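The values are calculated or read from the model by the stated rules, or taken from the named source; none is laboratory data. Keep in mind it's a predicted model, so treat the numbers as computed, not measured. All Cβ positions, glycine included, derive from the backbone under ideal geometry; neighbour counts span all protein chains shown.
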Amino acid sequence: MRIVIKGTVQGVGFRPTVYRVAKGMGLNGYVKNKGSEVEVMIDGNHEEFLENLREDLPPLAKITDVEIFNDSHNEKGFCIVPSEEGKRSSTIPVDTAVCRDCLNELRAPEDRRFAYPFINCTNCGARYSAITGLPYDRPKTTMAPFPLCRSCAQEYEDPLDRRFHAQTTSCPDCGPKYVLFNKEREKIGGVQEFSEKIEKGAIGIAKSWGGMHIVCKLSRIPELRRRYGRPEKPFAIMVKDLETAKKYAVVTREAVFTGPRRPIMIFDKKDERQELLECAAPGLPTIGMMLPYTGLHHSLFDSMDVDTLVMTSANIPGEPMIIDDKKVFELDFDIFLLHNRKIAQRIDDSLIRAHGEYLAPIRRSRGYVPEYLSLKSNNSVIGAGADQNGCIAFSTDGKLYPSQYLGDLDSYEAVEFYKQTSEHLTSLLGIEEVETVAVDLHPKYRSRKLGLELAEKYGAEVMEVQHHWAHGASLLLEHDLEEIICIAVDGTGYGEDGNSWGGEVLYCTPKEYERLVHLEPFPLLGSEKAVEDPRRLVYAIQRKLGFNGSFFDGNEADILDKLMKKSVYTTSFGRLLDAVSAALGVCYKRTYEGEPAMKLEKLQMKGNPSIDYNVHYKNDTIYTLEGFIEMMEDDGAAADKAASYTASVANALAEAAVETAEKHGARIGISGGVSYNKPIVGCIRKKLKELGHDLLVHHEVPNGDMGVPVGQALIADHSVVNK
């Protein structure tokens, strides 16, 4: 019998497992890679063979499809034969944390890989970040320049060894090496010297699998902020182990936190009075933490008397994470720990917010990409994404592959990264034809322009998809639904009326959407300037209702009054939260995306939502602005005001969603950046439950703009199916 197996079967020790199972059953035949699948020839009971294979699958392998053919083969014994190109569209393995077996070797002084930073085996290590092409063999990885030494070659060729056909395996004798440089680019040591200098207070750069990290002790964060020009933006921290994480934060979903994907997880701070945590995430009720995932990370903690380190992506502001050894010296830091293995694909740490037992994906990258979502057709479409939190999605053979996090498309470097990622993924997936490319409505989005270029390249049709419809469609795909009432709440999305939407109740299907209800609009004075300076939002609300405006007077007020008639209007819940943040004195200036609203959450979580402000739903509008003025004039505690007003808006959205859901007979979901806000989602869920409904949320697709290309692709795919 000839058996064709599809799934995660490349680079995960799949062929060695097939070999061991077949040999153990005394079968004759062979196993070989064929691009996107593995072909097995056996002369025995194929059902028994597959049952044994499934029981012995390596940790990272996954079988999604099996095809059986009658065939003949005359060779005796069982062997692994060389790979073939074959058809692509493989389930390419993701980068995963160093496994327990490798970690034990890393810490064993007698082992030849003791303290070796690049330790890995078929069950762990760099994968997507190291792959240059398929089939996944060593010549098509960044390990190609490092020939195996005799000892590693013996392991590689031994079917009973854990490193049998482990394409990225190496050791200190034959593998990549770290070298430590100072600012003047002089060699001053290696990993041990890096550890010593960091422990003494240096701020350094460490090259990892898919990019570079800034590394320092938490006590050095004030100096890091001064040099890096990031006065408020939160930094991710790496903790030594789970016990350390629990010392600082309320850890939930431990299996995800400690699992092989090792994302950064955003937990509630256990005690906001902890000075070092406040330095890492100023003004926020949460902290982003991750556990070590490379040999280097473990070695750093093993050699230092610290249990936490800043471990945040290194990039020149506005540009993607650095992967170039020369460019990194443009950053004003003390030491640079670099290795001589190229990075095939830049891939940031993934980022997930824990809402208690619920998970809200923010950044889907290392450990998650390039896994796919299932579509119901075999069309080839592209979702070009949005400009914030850039991501592009490709479908082929019934699978939708969202890319890793591409950053904000504000710079030349980010646009080039977008293009490179597009070329890399289409090559890996074997995509040569595309039927439709879906783009955002916003005429100035760079992602739109890039999508149009891809449509021209492939001779594909272009489909324009409204931003919040794409959010709703991403929920449809994730929950396998044909219709949904989507509470779409975020900062900005270009509306069909030319205004800025972001507080909407939509009826969505893959074919169409209808805007049923929206928040009360108000002027976005100066467009992007109002986003950067939320005091303008407060002024606009006050002036729209005929009140004197706060924060501005004289010439500034005159200019803003003139803008009242010219500015676009916004229905954005995100902008409304920014206005509340400024009105209550929480944040007057945005220095990073989402800052005013994120800092407001701390007040919301402390407050008692007991005040009844004038927020009400009538016809197609939720009227919020009179209640906003009431909140400003209330002399109560700021925390209670924040909690009460935002709960009032959330409850009104829930009531509107229920009314429209009952008319359409559809379920209710929530998507968009505001759905990361824990108190708001909690209010909506509670109100829906009172009214006899549940709330669908994201678990796999990011709530924010990284989820947009997923929804775009579903809509584009549906348009092809129904031509």
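Here are the numbers for this structure:
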read-out: Residue list for segment 366-400, restricted to those being in contact with a helix residue (DSSP H, G or I) (Cβ under 8 Å, 6 or more places away or on another chain), of a type in the set (S, T, N, Q) and assigned to a loop (DSSP other than H, G, I, E, B); value: SER377, ASN379, GLN388, ASN389
read-out: Given (1) over 28 Å from ILE431 (Cβ atoms); (2) surrounded by fewer than 23 Cβ atoms within 10 Å (Cβ to Cβ), index of the condition GLY175 fails; value: (2)
read-out: Filter result for VAL568 (of a type in the set (Val, Ile, Thr) and either outside the structural domain of TYR494 (by TED's automatic domain parsing) or within 30 Å of ALA281 (Cβ to Cβ) (or both)); value: no
read-out: Pick from segment 33-48, criterion buried (at least 16 other Cβ atoms within 10 Å of the Cβ) and without any contact (Cβ under 8 Å) to a residue 60 or more places away in the chain, ranking: farthest from GLY430 (Cα to Cα); value: ASP43
read-out: Residue within segment 598-609 that is of a type outside the set (D, E, K, R), assigned by TED's automatic domain parsing to the domain that holds THR660, within 25 Å of GLU659 (Cβ to Cβ) and more than 30 Å from the chain's Cα centre (by Cα) present; value: yes
read-out: Filtered residue count, segment 66-75, keeping only those that are modelled with pLDDT under 90 and of a type in the set (Asp, Glu); value: 2
read-out: Test: residue in segment 623-640 that is surrounded by fewer than 18 Cβ atoms within 10 Å (Cβ to Cβ) and at positive phi; value: no
read-out: Positions within segment 419-457 being under 10 Å from GLY390 (Cβ atoms) and touching a Gly at 6+ places or on another chain (Cβ under 6 Å), in sequence order; value: SER447
read-out: Pairs where the first residue, in segment 52-71, is more than 16 Å from ASN33 (Cα to Cα) and in contact (Cβ under 8 Å) with a residue 24 or more places away in the chain and the second is of a type outside the set (A, V, I, L, M) and loosely packed, with under 13 Cβ neighbours inside 10 Å, C-beta under 8 Å, 6+ apart; value: ASN52/GLY24
read-out: Segment 124-166, subset touching a Gly at 6+ places or on another chain (Cβ under 6 Å) and assigned to a loop (DSSP other than H, G, I, E, B), residue modelled with the lowest pLDDT; value: PRO135
read-out: Residue in segment 267-289 that is modelled with pLDDT of 95 or more and over 25 Å from ALA639 (Cα atoms) present; value: yes
read-out: Flag if SER447 is in contact (Cβ under 8 Å) with a residue 12 or more places away in the chain, assigned by TED's automatic domain parsing to the domain that holds GLN712, crowded, with 23+ Cβ neighbours inside 10 Å and assigned to a strand (DSSP E or B); value: no
read-out: Considering residues of segment 315-357 that are of a type in the set (S, T, N, Q) and under 28 Å from LEU409 (Cβ atoms) only, the residue surrounded by the most Cβ atoms within 10 Å (Cβ to Cβ); value: GLN345
read-out: Filtered residue count, segment 661-708, keeping only those that are of a type outside the set (D, E, K, R), farther than 20 Å from SER572 by Cα and not in a loop (DSSP other than H, G, I, E, B); value: 5
read-out: Members of segment 198-229 found to be within 19 Å of PHE329 (Cβ to Cβ) and part of a loop (DSSP other than H, G, I, E, B), listed by number; value: ALA202, ILE203, SER208, GLY211, GLY229
read-out: Filter result for VAL649 (surrounded by fewer than 24 Cβ atoms within 10 Å (Cβ to Cβ), of a type outside the set (D, E, K, R) and closer than 26 Å to SER581 by Cα); value: no
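Yes/no matrix, rows are residues, columns are (1) in contact with a helix residue (DSSP H, G or I) (Cβ under 7 Å, 6 or more places away or on another chain); (2) in a loop (DSSP other than H, G, I, E, B):
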{"residue": "GLU278", "(1), (2)": "no, no"}
{"residue": "GLY288", "(1), (2)": "no, no"}
{"residue": "HIS298", "(1), (2)": "yes, no"}
{"residue": "PRO317", "(1), (2)": "no, yes"}
{"residue": "LEU337", "(1), (2)": "yes, no"}
{"residue": "ALA344", "(1), (2)": "yes, yes"}
{"residue": "ARG353", "(1), (2)": "yes, no"}
{"residue": "LEU359", "(1), (2)": "yes, no"}
